[in-house]
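Participant: Would you mind keeping the following structure in view while I ask a few things?
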Amino acid sequence: MTGPYLSLDLLQRVRVTGRQRTERRLLAAAFRGDERAVGAIHDTHAGALYQIALLALGTGAAAEDVVTDVILEACTPPGLHLGDTAEASLRFKLVRRTFERCLDRRPSGTGGSARTILALVLFSGCSRPEVALISGCGPTRLPVLLGRHLRAVPA
């Protein structure tokens with residue numbers, strides 16, 4: 001439509017841009033040592049990150065360690081750089097770092113990567129294409145992998 005009407009696509013881009021500006025301000029304040037900014041980042045993202053880490057690693061202590069490390073690393077210079085790409089959201093970057101940390105920490109031979117990918121789908125708030133990008137699992141392989149493992153999740 002033309003005239004005073006806005007397309008849904010434009011509204012989504014404006015919303016994302018506004019969110020990214022807020023995230024950039026929070027990170028900048030965190031880099032300057034503002035504990036309230038670090039707290040806001042923690043309060044917004046720690047719950048989802050913890051659920052991902054808990055499902056991936058299997059213990060609360062290990063999950064808490066990962067979440068603490070990821071958030072402190074993100075809030076301490078040089079921290080995270082939020083670029084201008086689709087990967088520019090703070091949630092996306094934190095989820096990706098949490099995923100990578102969980103893969104590094106899981107016991108060898110445990111098949112934890114499928115559990116970690118499942119955790120991404122269930123708790124990250126990321127879209128399936130974003131989960132495919134974070135996990136390195138192609139978008140065509142993701143439904144196959146999830147289909148096999150979703151059956152194992154209790155209702």
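The values are calculated or read from the model by the stated rules, or taken from the named source; none is laboratory data. From a predicted model like this one, the values you see are computed outputs, not experimental measurements. Counting neighbours? That spans all protein chains shown, and the Cβs are built from the backbone with ideal geometry, glycine included.
Participant: Considering every residue within the stretch 128-146, establish whether at least one is on the phi < 0 side of the Ramachandran plot, in contact with a helix residue (DSSP H, G or I) (Cβ under 8 Å, 6 or more places away or on another chain), of a type in the set (Asp, Glu) and at pLDDT 75 or above.
Facilitator: yes
Participant: Considering each of Leu94, Leu103 in turn, give the residue that is modelled with pLDDT of 85 or more and in a helix (DSSP H, G or I). Before you say what the answer is, go through the steps one by one.
Facilitator: Numbers: Leu103 fails: modelled with pLDDT of 85 or more.
When all the criteria are applied, what remains is Leu94.
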